[in-house]
Amino acid sequence: MDVGTVALALGGLVLAATLLGFLHRATQGRARTISDARIVSIDGVSLGGRATLLQFSTEVCAPCKSTARVLDDLAARTEEVTHVDLDVTHRPELASRYRVLQTPTTLILDADGTVRARIGGAVRRDVVIAELQRVLAA
Amino acid sequence: MTAPSTPRGIDPRGPRFTAGVTAILFLVVIALALLGFDTAALVLAIYNAAVFLWSAVAGVARHPYGLFFKAVIRPRLKPPLELEDPTPPTFAQGVGLFVTVIGIVLFVPFGSIALIVAGAAAFLAAFLNSVFAYCLGCQIYLLLARVGVLGRKGAATA
């Protein structure tokens, strides 16, 4: 292969990687409303009176820390809303049960513990507030 | 909460600098392989694997490019807003090692195409990590744990 073709191939690779990066970034922190709602019940986890922010984390997840800070803060400011940070590093069966593929993943549960929304990736404060208000208003 | 036995925090820009250097080195591996310099490509891939092995075992805080960042670049920057747990980037070094070793092993039967494919995968992860702060552990740890490769007690991180 000549040098020009190789340069073109490498340029294409860098361009593809950049597009993938923007694509990935766009999917992170989006909230998805759950229609086939199920009730969450996990041993040792007590839910909030009106809503629960249930976060799945692992030890190898850097953005889990910042997500935990945001959710902790929102729970502290909102009456009867609890933040639960569940470390599933050694409990992959819990990740399977709730179909968690990436961390952080945040489930927003209503008063009954029914899953109302799901956020994949690091959370954005405004997105969580909007979803939480929707759940609390229902 | 998480972080049961967290070692001391590191400057999060260190691993991103390290990933940038790694990404460039994998572009060089691919270029050498495409140009027909198979031996040189193989030697550089083995070098990359050795660096991955070192920092996956010794921890990313002892990564040679990370030490360069700490000694030469970091003093010229503002202090970081916060420190990070070194466990996630150390896990990513283990994944990088795995992918690179696969490329090196498959070089024997398949030749330079193995280095090109494995090099492209390693480049992609390192580039996304460096430029977009992509977190490899966030995306693949649970996939591996759910199929039983990782995550049972005592075998947490690579």
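The values are calculated or read from the model by the stated rules, or taken from the named source; none is laboratory data. This structure is a prediction, so every number in the text was calculated from the model and none was measured. When we count neighbours, we look across all protein chains shown, and the Cβ atoms used for this are built from the backbone with ideal geometry, even at glycine. Surface accessibility is based on the protein's heavy atoms, side chains included, excluding ligands, DNA and RNA. Shrake-Rupley method; radii C 1.70, N 1.55, O 1.52, S 1.80 Å.
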The one condition in (1) within 14 Å of chain B (Cβ to nearest Cβ); (2) open to solvent by less than 10 Å² (accessible area, probe 1.4 Å); (3) not hydrophobic (A, V, I, L, M, F, W, C) that A:Gly120 fails to fulfil: (2)
Flagged in region A:79-117 as at positive phi and open to solvent by 40 Å² or more (accessible area, probe 1.4 Å), in numbering order, are A:Glu80, A:Arg99
Restricting attention to region B:76-91, the residues that are touching a residue at least 24 places away in the same chain (Cβ under 8 Å) and not in a loop (DSSP other than H, G, I, E, B) number exactly 6
Matching residues in region B:125-150 - criterion: being at the interface with another protein chain (Cβ under 8 Å from one of its Cβ atoms), in a helix (DSSP H, G or I) and either in contact with a His (Cβ under 9 Å, 6 or more places away or on another chain) or small (Gly, Ala, Ser) (or both): B:Leu128, B:Phe132, B:Gly137, B:Gln139, B:Ala145
If I ask for residues that are open to solvent by 40 Å² or more (accessible area, probe 1.4 Å) and within 14 Å of another protein chain (Cβ to nearest Cβ), which ones from region B:105-124 would you list? B:Ile113, B:Val117, B:Ala121, B:Leu124
Unmet requirement for B:Ile102, which otherwise passes all of (1) among the aliphatic types (A, V, I, L, M); (2) over 21 Å from B:Ile140 (Cα atoms); (3) open to solvent by 40 Å² or more (accessible area, probe 1.4 Å): (2)
With respect to the numbered conditions (1) over 16 Å from the mean Cα position of the chain (by Cα); (2) among the hydrophobic types (A, V, I, L, M, F, W, C); (3) open to solvent by 40 Å² or more (accessible area, probe 1.4 Å), which one is the sole condition not fulfilled by A:Ile129? (1)
Looking for whichever is modelled with pLDDT of 95 or more and more than 19 Å from A:Cys64 (Cα to Cα) here; the options are B:Val147, B:Val43. Which one fits? B:Val43
All-but-one check, A:Val70 against (1) under 13 Å from the mean Cα position of the chain (by Cα); (2) β-branched (Val, Ile, Thr); (3) surrounded by fewer than 15 Cβ atoms within 10 Å (Cβ to Cβ); (4) more than 13 Å from chain B (Cβ to nearest Cβ), failing number (3)
For region A:68-91, name all the residues that are out of contact with any His (no Cβ under 8 Å at 6 or more places or on another chain), within 24 Å of A:Ser35 (Cα to Cα) and not charged (D, E, K, R). A:Val81, A:Thr82, A:His83, A:Val84, A:Leu86
In the set A:Ser96, A:Ser66, A:Ser35, the lone residue that is within 25 Å of B:Arg146 (Cα to Cα) and either touching a residue at least 24 places away in the same chain (Cβ under 8 Å) or in contact with a strand residue (DSSP E or B) (Cβ under 7 Å, 6 or more places away or on another chain) (or both) is A:Ser66
All-but-one check, A:Ala26 against (1) under 20 Å from A:Cys64 (Cα atoms); (2) hydrophobic (A, V, I, L, M, F, W, C); (3) open to solvent by 60 Å² or more (accessible area, probe 1.4 Å), failing number (3)
